[in-house]
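**Q** One structure coming up, written as structure tokens, with questions to follow.
The values are calculated or read from the model by the stated rules, or taken from the named source; none is laboratory data. Computed from a predicted structure; not experimentally measured. Every residue, glycine among them, receives a Cβ derived from its backbone with ideal geometry; neighbour counts consider all protein chains shown. All accessible areas refer to the heavy atoms of the entire protein, side chains included, with ligands and DNA or RNA removed. Shrake-Rupley method; radii C 1.70, N 1.55, O 1.52, S 1.80 Å.
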Amino acid sequence: QVQLVESGGGLVQAGGSLRLSCAASGSIFSINDMGWYRQAPLKQREAVALITSGGNGNYADSVKGRFTISRDNAKNTVYLQMNSLKPEDTAVYYCRATGWSRAYDYWGQGTQVTVSS
């Protein structure tokens with residue numbers, strides 16, 4: 001069992017920055033990839049950024065060049081640095097941890113990010 005606790009969401013003007021954090025606890029030895037997803041009102045949840053256990057990051061085209069995902073394995077924490085924010089980035093952002101088994105799949109509670117024009 002893994003617990004994911006998120007922080008860092010809030011309200012920011014377009015062009016501003018936020019950093020989201022997600023701290024994992026519990027049975028963390030089997031975590032491989034971690035990622036950030038988001039869901040805007042009336043839209044489906046989409047993948048934003050993924051980071052492997054080795055630190056390699058992958059990004060959705062819509063955020064590439066603006067967002068950076070990183071992780072601190074010693075602290076069992078993954079981060080999402082969000083720069084040059086746009087109103088279309090407004091969504092609830094969710095942290096996810098996955099392992100080698102499909103049953104090993106955990107989500108955080110989500111944190112609201114709102115970007116004003």
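**Q** What is the distance in Å between the Cα centroid of segment 73-117 and that of segment 17-33?
**A** Going from one Cα centre to the other spans 9 Å.
**Q** Where both residues lie in the chain, what percent of DSSP beta bridges are antiparallel, nearest 5? Mind showing how you got there, number by number?
**A** Values: 39 of 43 bridges.
Approximately 90 percent, going by the DSSP bridge assignments.
**Q** Assuming 0.36 nm per residue, please report the length gained on full extension of the stretch Q1 to A14 beyond their Cα-Cα distance. Mind dumping the intermediate values first?
**A** Numbers: separation 13, 0.36 × 13 = 4.68 nm, distance 3.75 nm.
My answer for the length gained is 0.9 nm.
**Q** Can I ask one more? Per the 1.4 Å probe, what fraction of the accessible area of segment 2-117, in percent, lies on carbon and sulfur atoms?
**A** Numbers: 3090 of 6380 Å².
Of all accessible area on segment 2-117, carbon and sulfur atoms account for 48 percent.
**Q** With r defined as the distance between the Cβ atoms of K75 and W100 and R0 fixed at 25 Å, what FRET efficiency is calculated, to the nearest 0.05? Display every interim value, and only then the final one.
**A** Values: r = 22 Å, r/R0 = 0.89.
Efficiency, rounded to the nearest 0.05: 0.65.
**Q** So what J values fall out for segment 17-27 if you push phi through Karplus, 6.51 cos²θ - 1.76 cosθ + 1.60 with θ = phi - 60°, rounded to Hz, Gly and Pro as x?
**A** Coupling constants for segment 17-27: 9, 9, 10, 8, 10, 9, 9, 9, 9, x, 7 Hz.
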